Each structure stands twice: as structure tokens, then as C-alpha cells.
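Here is the structure we will look at, set down as C-alpha cells.
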Amino acid sequence: MSPLPALNDPMLPRPFRIERAWRELSDTFSLYLVPQKGAKGFAYRPGQFNMLYQFGVGEVPISISGDAAEPLKLVHTIRAVGTVTDAMAGLKRGDVIGLRGPFGTPWPVEKMAGQDVVIITGGIGLAPLRPAIYHLLANREKYGKIIILYGARTPNDILYRRELEKWRGRFDISVEVSVDRAGHDWAGNVGVVPNLISRAVFDPLHTTALICGPEIMMHYSVKALNTAGIRDKRIFVSMERNMKCATGFCGHCQYGPHFVCKDGPVFRFDKIRKIFSVREI
Amino acid sequence: MVSPVGAFAAPVITDAAGLGVLVAALGVDGRRVIGPVCRDGAVVYEPVTKLSDLPLGVIDEQDAGVYRLKKTGDSRYFAHAVGPQSWKRYLFPPRQSLWSARRRGKGFEIVKDTPAPAPEYVFLGVRACELAAINIHDRVFDNGDFADPGYLARRGRALIVAVNCTRAGGSCFCASMNCGPRAEQGYDLALTEIVGDGGLRILIETGSERGAAIMAGFEAPLADKSDLAAARDAVRIAEEGMGRKMSQGARKALGKSLDDPRWDEIAMRCLSCANCTLVCPTCFCTSTKDLTSLDGKTAERQRVWDSCFTLDFSYIHGGSIRRGTAARYRQWITHKLVHWHEQFGMSGCTGCGRCITWCPVGIDITQEARVITESFVKGG
């Protein structure tokens, strides 16, 4: 047996150039990447992630947050919360980072055709869901009602605010945004996102829910969805764990019997219900 | 790679001198023979070139948190049980370079040297539990979605000379994991030491064509029925001498006892030191290390063994998932005995007993599994 050629090595980052870098929120930014060699684009499915490498600093898993129908425009939205992401916050047009991917399971956007869709998300959890939203909007006629329920800490922490406002102005989807706290100039909801679920109108027997956010928020969202009559098999959540390899070898992302990197990050909820409420698993 | 035992060459019987000839024959054609040698008060796996390198008459006293070598008049070369190391050290080295990168203009280029051909190892003295562990890693490192080319290359070239255990170590429980003490398959050659009135005799069985090729130049009488029976009896002594066993039903019980109060009780003893994971022949978790030169011009990424017992292991922004020792011990034991089955279709434990021996506070996986299984059975 001879070693596989390096080209097929999933551990080898490919250099990507920053075509554009922009600030989204005080601690959050987006990078639009193009392959440094051979601009053939980058095929991925909504919900998948890449491992991004900052030269000499390290590597982090980041969900792809652009439009999968535009493979030439590869966008990641990143929150600066550690050494690697802090370093990435300083990247400018023309800089180069390494990329491995795409990895992981996608949102089941094709399988939920014909259904009502409820998207429940909080904070930067909107980023991994945005490719799914783009897909739904681009194929609007294939779906029933589309409901987006989004939560942020304050009005200043609303990610993709302009897009949310634009979607909110459409007659074919419904968008509700809730914040934990707000001043007098906030006319929207105040409170946690799961509270928005009981007010949303959908056909519980023919609805698929996609959730991404902190685990405690996903926990109460699932509860509210179950109360509204949506079964676990129609609920999909995106999980987050430490990852070093994204190929099922490093063991860090283990979640009960699952490897979040390759069996997830998107899980059908009935597959993880038993362990979801176990603390520190 | 592996064919039914006995399909190659008939078993032969030899003596200590014959074993010496075999050790020499294994090391020709550029092969690197690795076998048990005594070093720093332990039996470790190191290069072996001649018979006298092997730990003749050495016995290890093992118990929970206890390991002592004892020199005896025993005529066996493999009377010891498994030591702190396992073959994963060679097939899956503790530190591997993944690639390096050089800064170039605003960017950088990744440099991956064509890897040197994998060494052709001969593993001499692979016990049944260790064969089982290698078999497990074959599955782990070719997981259906991705394969680890380095592992597969080293593994594909390695020649395995198994040794059937004729003495149980104090922490062994392979029989209850159906992993030993007899090596049933997956070896190129298998040795069984038989101590009788005429001194040490060694039965050599051939399990592959590569094993047969080595045996082709080896002159020894064919083993007769009484030799085979004596070898079986010798292994039976090891089987019957095992003082520990894994509880039947542990898989189900542990999987349904994630909230058991016993985890907190274990955490009061467990130091979260990671010894068990490092001596375990099947633990495969790794981390990556990014090394940068002082001038910032070159960077290297390495893959190093890691352990689920560290706080960093499960860190995501905001904190670690498994903050408590209870959660970390639970992760380790449920991964071995429960979730491994779902991930790889097999148990992650082979009953080698290393985690028991090398635990500084003597936590015994069989005992903890038994307590939780019994309380589950009672409660359920």
C-alpha cells in the first residue's frame, strides 16, 4: 500500500484569498473567499461547514453562510471569540487563509419541499441557516409557509439586519425578531425566541423546523414545537462541539454515539433526543 | 491480508534456539523487528535484534495501580502480560507532522513532503487483546467517509507475530471481552510457549502467506497432536487465571445510566490524569498543534495524541462542555463500552487491563461497569 497522493488529503488546507472582508456586528465579521488557484467555485450544501486556517495561529470550524446557488461567492460569518477568530478579525482584502471542506450534514432543504418551514435561530446561529433561507426563497413555490423566528441580545446585535428587514417586508414569508432587552426605540418583541413559537401559524402535521442557536434555546424551542404538534422527526438542529479534524478521527466532537463533524452538525432531533438533555455529554 | 488459520503451513514445534533463529529471520530484508524488552522497570516495545533482547523469565505483577517486574527462573520469553505501551505507538505515532507552510507575499503555501515509505515493521509478541485492538483501529482509521493514509500504509506493511498468552496478568479480562487469550486470526505467525520436562518448546502457527514465506526457510519438526494439546492447555491456564471480567449487560446498562450518581462517586477518586487513555490500545483521540517559527515565516501543523480527560478537549467558546471529572470519566467509559458499538460495530475495549494497572488511584473499569450494571439491573 502506498500513501494516497497529497491532493486527496482532507487534512491539507487549500489557500483562499479574501475578496472582501466586512464587519457585521461589533464582534462579528464576514469573509468572502475565492480560491487562490483555479477559480472554479466551491460546491457545498446549506448547513455545511469548513475548517478555516489562519497562518501560524490555528484552525476553526466555521459554517458557510453564503448562497450555495452562487458557488463563486463563498461567504463565512465569524464571531471573534478566541485566538484564531480574533486573528481572523484583522483580515483584509488580498490576505490569504487556508480552507478545508466542505464537511458535515446539510439542512434537508430538498426533503422538506411541500411543507411549512419554521426557522428558529438566535445570535450567530442565523449564519449557518442563511444558506437554507436563500434556498427556500429561491425556490419559494416549492414550500408552504416560511416562518423565520430570530432572537438577539439587543437590537444592535441583530445579525444580517438589513436582510431580515428586507425579508420582513415580503408578503410570502413571515419574520419575527425578538431581543432580550431593548430601549424605547424598539417596536418589536422582547423575550426569548422560543416564546415566539406559540404565536406562529403553521400546519403542525406538515411542518419542518430548522433550529440553530445555544443548546438551552434549542431545548426550549423543541419543547414549544412539540407542544405545537411538531414531531421530533420533523425537527432539525445544528450542534456545535470542539473539532480538530472534521473527518471523524480526532474524537473531540463526539456527542454520544455521534461525531458532530460527519454525522452532524445537522441532526434530525429524534436521533439525538435521548442525549440532548444529558448535561455535559 | 488475513486467511483462515491453518491454510498455509502446518504448525511446527521448536525450542529457544529455534526462536532465536526466527527472531533473526524476521529482521532481514529491511524489516524492523519490534518486541518486548525490559526498560525502566517495565516491559516496553522496542527494537529487537536477537533472542537475548527478549525478557526471559520476566514476570509482571499487575493489579489496580500496581506494576512491578520480577525476574524468575521461568524459561518463557513471553511470561509477562502487556506493559504500558501498545502497538498503536508504532501504527499511530504519538506525534505526526501533517504539513508545514511557508509565508509567501500576502499569503502562504502549504508544503507537504512526499512521505517516506512506511517502515516495514515486524511486531513480535502481539497478544490476542492487542490484535483485537489493531483490528479496531483498522476500522477507526478507515471510517467509511475518510481514511488515514499514513495509518493504512504502516498497517499494510506490518508483519504480526502473535504470542498466545500462557499466563494471565493481574489486570487482564480479555476472555470476558471475547478477545483472547488465544489469537484466533489476523496474525502472520503465532507462537505458543509450552513449558515441559524437556524445557521450553514453542509452537509456531502460520496465519498468512507472508508468514508462510518466512517459515519456508525455517527447519523444524511438524507439531503433533500432543504438542497442539499442550499448547491449548497452556493457553487455558491463562484463561482460567484471569481474575477480572467485564459484566455481561454492561453496554446496555451504561448506555441507560448516563445520570447515575456513581459517576460523581468515581469523580471523587479519578484524578482526570489521562493515563488510562494514553495506555489504552484503542483510544485514538488527537489534537492538533500549530508550531510557528520565531520569525513567523514558517508554520507546521502536527497531530498529537490527546485525551478526553482534559478540560480543553471539549472546549468551545464560552467554556468546556465536560467541565466535571464525572462527565469526562463517563465519556471515556461509555465511549469504550457503549457508543463504540454504534460508531464502529464493535466494542472499544479488548480487556487488556492497562487502564486498571496504570491508573494511579487504581480505578478498575470492570468494577465500575459492574457497579453500574448491577444498580441498573436492580433499578430496572
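Details
- All of A:V60, A:V34, A:V84 fail the test of being modelled with pLDDT under 95, within 14 Å of chain B (Cβ to nearest Cβ) and in contact with a strand residue (DSSP E or B) (Cβ under 9 Å, 6 or more places away or on another chain), apart from A:V34.
- Candidates A:V81, A:V109: the one that is in contact (Cβ under 8 Å) with a residue 24 or more places away in the chain, in a loop (DSSP other than H, G, I, E, B), among the β-branched types (V, I, T) and open to solvent by 40 Å² or more (accessible area, probe 1.4 Å) is A:V81.
- Matching residues, the stretch A:194-228, being part of a loop (DSSP other than H, G, I, E, B) and either farther than 23 Å from A:P106 by Cβ or outside the structural domain of A:T121 (by TED's automatic domain parsing) (or both): A:S198, A:R199, A:A200, A:V201, A:D203, A:A228
- Considering only residues in the stretch A:269-281 that are free of Cβ contacts under 8 Å to residues at least 40 places away in the same chain and within 21 Å of A:M112 (Cα to Cα), the one that is farthest from the other protein chains (Cβ to nearest Cβ) turns out to be A:D270.
- Residue list for the stretch A:256-267, restricted to those being out of contact with any Leu (no Cβ under 9 Å at 6 or more places or on another chain), crowded, with 23+ Cβ neighbours inside 10 Å, part of a strand (DSSP E or B) and more than 9 Å from chain B (Cβ to nearest Cβ): A:P265
- Flag if B:V122 is within 11 Å of chain A (Cβ to nearest Cβ), among the β-branched types (V, I, T) and either touching a strand residue (DSSP E or B) at 6+ places or on another chain (Cβ under 8 Å) or closer than 24 Å to B:F344 by Cα (or both): no
- Among the conditions (1) surrounded by fewer than 19 Cβ atoms within 10 Å (Cβ to Cβ); (2) farther than 30 Å from A:G58 by Cβ; (3) in contact with a strand residue (DSSP E or B) (Cβ under 6 Å, 6 or more places away or on another chain), A:L91 misses just one, which is (2).
- Set B:T288, B:T282: member being at the interface with another protein chain (Cβ under 10 Å from one of its Cβ atoms), out of contact with any Pro (no Cβ under 9 Å at 6 or more places or on another chain) and surrounded by 14 or more Cβ atoms within 10 Å (Cβ to Cβ): B:T288
- Residue tally, condition part of a helix (DSSP H, G or I) and open to solvent by less than 20 Å² (accessible area, probe 1.4 Å), over the stretch B:216-268: 10
- When A:G101 is tested against (1) away from every other protein chain (no Cβ under 11 Å); (2) open to solvent by less than 30 Å² (accessible area, probe 1.4 Å); (3) without any contact (Cβ under 8 Å) to a residue 60 or more places away in the chain, just one condition goes unmet, and that condition is (3).
- Looking across the stretch B:291-304 at every residue that is of a type in the set (A, V, I, L, M, F, W, C) and more than 8 Å from chain A (Cβ to nearest Cβ), the one that is most open to solvent (accessible area, probe 1.4 Å) is identified as B:L294.
- Residue check, A:L12 part of a loop (DSSP other than H, G, I, E, B) and within 9 Å of chain B (Cβ to nearest Cβ): yes
- Flag set for A:A246, criterion: closer than 30 Å to B:Q96 by Cβ, part of a loop (DSSP other than H, G, I, E, B) and either open to solvent by 50 Å² or more (accessible area, probe 1.4 Å) or of a type outside the set (V, I, T) (or both).
- Residue that is nearest to the other protein chains (Cβ to nearest Cβ), among those in the stretch B:305-321 that are in contact with a Phe, Trp or Tyr (Cβ under 8 Å, 6 or more places away or on another chain), open to solvent by less than 20 Å² (accessible area, probe 1.4 Å) and within 23 Å of B:S347 (Cα to Cα): B:C308
- Residues that are buried (at least 20 other Cβ atoms within 10 Å of the Cβ) and either in a helix (DSSP H, G or I) or facing another protein chain (nearest Cβ under 8 Å) (or both) within the stretch B:151-171 comprise B:Y151, B:R154, B:R155, listed in sequence order.
Residues are listed down the side, and each one gets a yes or a no for (1) outside the structural domain of A:D27 (by TED's automatic domain parsing); (2) in a loop (DSSP other than H, G, I, E, B); (3) farther than 19 Å from A:K145 by Cβ; (4) open to solvent by less than 20 Å² (accessible area, probe 1.4 Å):
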{"residue": "A:L164", "(1), (2), (3), (4)": "yes, no, no, yes"}
{"residue": "A:F171", "(1), (2), (3), (4)": "yes, yes, no, no"}
{"residue": "A:E176", "(1), (2), (3), (4)": "yes, no, no, no"}
{"residue": "A:A182", "(1), (2), (3), (4)": "yes, yes, yes, no"}
{"residue": "A:V192", "(1), (2), (3), (4)": "yes, yes, yes, no"}
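The values are calculated or read from the model by the stated rules, or taken from the named source; none is laboratory data. The structure displayed is predicted, hence computed values, not measured ones. Cβ sites come from the backbone with ideal geometry, for glycine too, and all protein chains shown count toward neighbours. Quick note on the areas: whole protein, heavy atoms, side chains included, nothing else; ligands and nucleic acids left out. Shrake-Rupley method; radii C 1.70, N 1.55, O 1.52, S 1.80 Å.
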